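Some notes on the structure that comes next.
The values are calculated or read from the model by the stated rules, or taken from the named source; none is laboratory data. Since we're looking at a predicted model, the values are computed, not measured. All Cβ positions, glycine included, derive from the backbone under ideal geometry; neighbour counts span all protein chains shown.
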Amino acid sequence: MRVSEKIIEGLLWLSAVITVLVTIGIIWVLLSESIGFFREVSLVEFLTEKEWTPLFANKKFGIMPLVAGTLLTTFVAIAVALPLGLTIAIYLNEYAHARMRQVVKPLLEVLATIPTVVYGFFALTVVTPFLQQFIPGLAGFNALSAGIVMGIMIIPMISSLSEDAISSVPRSLREAAYGMGSTRLQTSFGVMVPAASSGIVVSVILAISRAVGETMIVAVAAGQQPRLTLNPLVPIETITTYIVQVSMGDVPQGSLEYKTIFAAGITLFVFTFALNNLSFWIKRKYQEKYD
Amino acid sequence: MTNSELNRLKDKAFQVFGIFCTFIGLVVLGIFLIDIIIEGSRRLDWDFLTSLPSRRASKAGIMTAWVGTLWILVLTTLIALPLGVAAGLYLEEYGKKSRWGDFLEINIANLAGVPSIIYGLLGLEIFVRQMRLGSSLLAGALTLSLLILPIIIVTTREAIKAVPRSIRDGSYALGASKWQTVWNQVLPAAFGSILTGIILALSRAVGETAPLIVIGALAYVPFTPSSPLDEFTVLPIQIFNWTSRPQAAFLENAAAAIIVLLVITFLLNGLAVYLRNRQQRKIKW
C-alpha cells in the first residue's frame with residue numbers, strides 16, 4: 001500500500017516536472033540553434049544592421065526591421081484596445097446594471113475565443129478595403145488593419161482583467177467618494193482607477209505581450225516586407241510572420257537560413273519573457289492590499 | 001452652467017461613450033460573422049465537406065482538413081488530459097507551500113505567456129527532428145499538448161481548490177489513504193470543473209495555426225490521415241492557405257471553411273459554459 005502510494009506520488013511529481021522540462025526545452029532549443037547562427041553572424045550586425053534579407057542573395061541580418069514591424073502592429077493594437085477596454089471595464093463596473101453586465105461580459109469574451117487566423121481573414125477582406133475608402137495610400141497589406149483587428153481581439157483581455165482589478169477595490173472607497181458628492185465619472189477616474197492602477201497596468205502589459213507574440217493576424221494581413229518604418233500604411237513584417245514565412249518554404253535543415261528562425265524566435269522570447277515577468281513583478285510588489 | 005451641472009453632464013457623456021465602446025466590439029463581431037456567413041454559405045455544401053483539396057477553387061474541399069482537426073483533437077486530449085490533471089493534482093495536493101512548489105507555479109505562469117509560435121519551434125526541434133516523428137499528427141498533437149498544458153493545470157488546480165476541506169477530512173477519518181482520498185473523493189467532486197477547463201483548452205488548440213505551420217503541417221494533403229504518424233493538415237492551416245491566394249474564389253472557400261471552424265469552436269465553448277452552469281447549480285457544499 002505504502003509503496004503504490006509512493007509510486008503514484010512519483011508519477012504525479014513527474015507530470016509536474018514536465019512543465020519545467022518544457023521551459024528548459026524551449027530555452028535549450030532557442031539557444032543551441034541561435035548560437036550556431038551567431039557564430040556566422042555577429043551579434044553587433046544582428047542588432048545594428050538596418051536590413052533583414054536572409055533569403056536573398058545579398059544577405060543582411062539586421063533584426064531591427066522585424067522588431068519595428070512587431071512594435072508598430074503592437075502599438076496600433078494597444079492604441080485601440082486600451083481606451084476601449086478600459087472604458088468598457090469602468091462602464092460595466094460603475095454604470096451598467098448587473099443584468100447587462102451578465103449578458104455583455106460573456107458576449108465580449110466571444111471575441112477572445114475566435115481563432116486568430118479568422119481575424120486575419122477579417123483584417124484582409126473587410127477592414128482593409130473599408131479603410132481604403134478613407135485612406136487612399138493604404139496598401140493591401142499593412143500594419144494598420146492588422147493592428148486594429150489585433151486590438152479588437154485583445155479588448156476582452158484588457159476589459160476583463162481591468163474589471164477584476166476595479167471590482168476588487170473595496171466598497172468603502174467608492175462610497176466615500178460618493179459621500180463627498182462625486183459623480184460616477186469622478187469616482188471612477190479620481191478613486192477607482194488610481195486604486196486599481198497596478199491591476200490595470202498588469203492587464204496592459206499582458207496585452208502587449210500577447211500582441212507581440214500574435215502570429216496569424218499579422219501573417220495574413222500585414223505583409224511580408226521587413227522594413228524599418230513607423231508608417232502603418234505600408235506592408236511590414238513582424239518577427240512572428242518571418243518565422244511562418246520560412247517554415248512554409250523549403251529551407252534546408254541546418255542551413256543559416258534555417259537558423260534565422262531560431263534567432264528571430266529567441267528575440268521574440270526575450271521580449272515576451274521580460275514583459276510577462278514585469279507584470280508578475282508588478283502584481284507582487286504593487287498590488288494594493290485592502291482589508 | 002454651474003460646476004455640478006457640468007459634472008453631471010460629463011458623467012452622462014461618459015455613460016453614452018461607455019455604451020458606445022461596449023457595443024462597438026459586439027457590432028464589429030456581428031458584422032464580421034454576418035459577412036462570413038454571406039460570403040461562405042454559397043460554397044458550404046456536402047461536396048465541400050467531403051472533397052479533397054484541389055488546385056481549382058471550385059473543386060476544393062475540406063475533407064482532409066476537418067478529419068485532421070478531429071485527429072488532432074483526439075490525440076491532444078489523450079496526451080494533455082492525463083498530464084495536465086496529474087500535474088495540477090501534484091501541485092495542489094502534494095507539492096504545496098514549498099520553495100519548489102513556488103518555483104513550479106512561477107514557471108507555469110511563465111509558460112502560459114510564451115507565444116504559441118515558440119512552441120512550434122520547440123516541437124520542430126524536439127518532436128520532428130530529435131524524436132524523428134516528422135511532420136506527423138503525433139508531433140502536432142504533442143506540440144499542442146505542451147501549449148495547452150498550463151491552461152489545464154491552472155483550471156485543474158482551481159477545481160481541486162474548490163473542493164472543501166471537510167470532504168477530505170471525512171475520507172481520512174474513515175481511514176482512507178491520501179491517494180484513496182484524492183481518487184475517490186476529490187477528483188470526482190472536481191471532475192466537472194476540470195472537464196470545463198479541458199474543453200476550453202481544446203477549443204484553443206483547435207484554432208491554433210502558427211505552431212503547426214512551424215512544425216511543417218502542410219496545406220496540401222491529398223489523403224485523409226489513417227495513423228498518428230501520417231502527415232496532416234487542419235482547418236486553420238487550410239484557411240490560411242486559401243486566404244493567402246489572390247483569387248476571389250479561394251477567399252470564398254476560406255470563408256466557408258471559417259464557418260465550419262467557428263461552429264466547432266463555438267460548440268466547444270458552448271459545451272464548456274453549459275457544463276459550468278450545470279456544475280454550479282448541482283453542487284452546494
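Odds and ends about this structure:
- Qualifying position, being away from chain A (no Cβ under 11 Å), within 30 Å of B:E39 (Cβ to Cβ) and crowded, with 22+ Cβ neighbours inside 10 Å, among B:T224, B:T243, B:T209, B:T233: B:T233
- Residues being assigned to a helix (DSSP H, G or I) and free of Cβ contacts under 8 Å to residues at least 60 places away in the same chain - total across segment A:40-57: 5
- Residue match in segment B:198-205 (condition: hydroxyl-bearing (S, T, Y) and surrounded by fewer than 24 Cβ atoms within 10 Å (Cβ to Cβ)): yes
- Filtered residues of segment B:258-267 (kept if crowded, with 16+ Cβ neighbours inside 10 Å, at the interface with chain A (Cβ under 9 Å from one of its Cβ atoms) and either under 16 Å from B:T196 (Cα atoms) or acidic (D, E) (or both)): B:T265
- Qualifying residue in segment B:25-44 (condition: among the acidic types (D, E), surrounded by fewer than 16 Cβ atoms within 10 Å (Cβ to Cβ) and away from chain A (no Cβ under 14 Å)): no
- Considering only residues in segment B:1-24 that are part of a helix (DSSP H, G or I), hydrophobic (A, V, I, L, M, F, W, C) and more than 28 Å from the chain's Cα centre (by Cα), the one that is surrounded by the most Cβ atoms within 10 Å (Cβ to Cβ) turns out to be B:F14.
- Any hit, segment A:270-286, residues being over 19 Å from A:I26 (Cα atoms), among the β-branched types (V, I, T) and part of a loop (DSSP other than H, G, I, E, B): no
- Residue that is farthest from A:T229 (Cα to Cα), among those in segment A:117-144 that are crowded, with 21+ Cβ neighbours inside 10 Å and within 7 Å of chain B (Cβ to nearest Cβ): A:V118
- Yes/no for B:L124 being closer than 16 Å to B:A210 by Cα, of a type outside the set (G, A, S) and assigned to a helix (DSSP H, G or I): yes
- Scanning segment A:167-188 for residues that are in contact (Cβ under 8 Å) with a residue 60 or more places away in the chain and within 13 Å of chain B (Cβ to nearest Cβ) gives A:R184, A:T187, A:S188.
- Sole residue being touching a residue at least 60 places away in the same chain (Cβ under 8 Å) and among the β-branched types (V, I, T), chosen from B:V67, B:V27, B:V74: B:V67
- A residue that is buried (at least 24 other Cβ atoms within 10 Å of the Cβ), away from chain A (no Cβ under 11 Å) and modelled with pLDDT of 95 or more occurs somewhere in segment B:148-157.
- Filter result for the condition that a residue is buried (at least 21 other Cβ atoms within 10 Å of the Cβ), under 22 Å from the mean Cα position of the chain (by Cα) and modelled with pLDDT of 90 or more, over B:P82, B:P115: B:P115
- All of (1) under 26 Å from A:V110 (Cα atoms); (2) surrounded by fewer than 24 Cβ atoms within 10 Å (Cβ to Cβ); (3) facing chain A (nearest Cβ under 8 Å) hold for B:G216 with one exception: (1).
- Across segment B:166-220, the qualifying residues are those that are of a type in the set (F, W, Y) and over 30 Å from A:I243 (Cβ atoms), and the one among them that is modelled with the lowest pLDDT is B:F191.
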